[in-house]
Amino acid sequence: MPPAKVLIVTGGGRGIGAATARLAAVRGYAVCVNYLENSAAAEALVEEIQAGGGRALAVKADVARAEQVEAMFTACEGAFGPVTGLVNNAGLTGRISHLDTAAPEMMARVVEVNVLGVLLCCRAAVRRMSRRHGGTGGAIVNLSSVAATLGSPGEYVWYAASKGAVDSATIGLAREVAAEGVRVNAVAPGMVDTEIHAASGDAARLQRIGNATPIGRPATPEEVAAPILWLLSDEARYVTGEILRVAGGR
């Protein structure tokens, strides 16, 4: 029997995270659905996966808190065995504004979740997956954004900066742990039909910018989940340190 595939998806209750968890379950992963506030969405997703014959667990954790990240990994391991995959999907944009009027505490929280959260989760994953630490290898996929290269002027420059940091961390960590059996890549979506746009204060942004992309529409969460699952899979076993743009030509 092949070894179990065990995946943690941070921010997994909704949007891209939920689509990733669903697809992973279909492809044989036991899935740990991480959430921070919306327990109802996470638990509903777990019930959906279980009803379809899959294995799933919802775990509350703030990814920007090291002790909560460790507890999340421990809970997942206790339920399903060693973690073999991590998708760092949890992230915030903050409210749309110019930088000179943005609240410092809001920007700090965005950077804390989007950058420190990714680093802490990657740290926990490497300490378990790396052959140097006695693991058997694994794969990490970080969620970046086209904002990292577009800069998001007039919207959320701080968010773009945080995703630029995710790109740098992806490249650096991939080269650091490649010989230890751990692959690290990122997916950089463009406009995706999720709740994040309304949360940023401009629900109309999705269609306004999405329809202006070369492909002519925003992406569905499932269209981002599929490349994520490919990067986790053995089909991508020689791919590491890459940022895969999934943005409809934008």
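The values are calculated or read from the model by the stated rules, or taken from the named source; none is laboratory data. All values derive from a computational prediction rather than experimental measurement. Here the Cβ positions follow ideal geometry from the backbone for every residue, glycine too, while neighbour counts run over all protein chains shown.
Quick one: is PHE80 under 17 Å from ARG123 (Cα atoms) and either surrounded by fewer than 24 Cβ atoms within 10 Å (Cβ to Cβ) or modelled with pLDDT under 95 (or both)? No, not satisfied.
In the set ARG127, ARG183, which member is free of Cβ contacts under 8 Å to residues at least 60 places away in the same chain and part of a helix (DSSP H, G or I)? Break it down into steps so the answer makes sense when it comes.
Details: ARG183 fails: part of a helix (DSSP H, G or I).
After applying the criteria, what remains is ARG127.
Of the helices (runs of 4 or more DSSP H) lying entirely inside the range 6-109, those containing at least 1 residues that are closer than 24 Å to VAL182 by Cα and among the basic types (Lys, Arg) are 15-26. Look at THR213 and say whether it is surrounded by 14 or more Cβ atoms within 10 Å (Cβ to Cβ), over 20 Å from the mean Cα position of the chain (by Cα), hydroxyl-bearing (Ser, Thr, Tyr) and part of a loop (DSSP other than H, G, I, E, B). The answer is yes for THR213.
The one condition from (1) surrounded by fewer than 21 Cβ atoms within 10 Å (Cβ to Cβ); (2) in contact (Cβ under 8 Å) with a residue 24 or more places away in the chain that GLY94 does not meet is (1).
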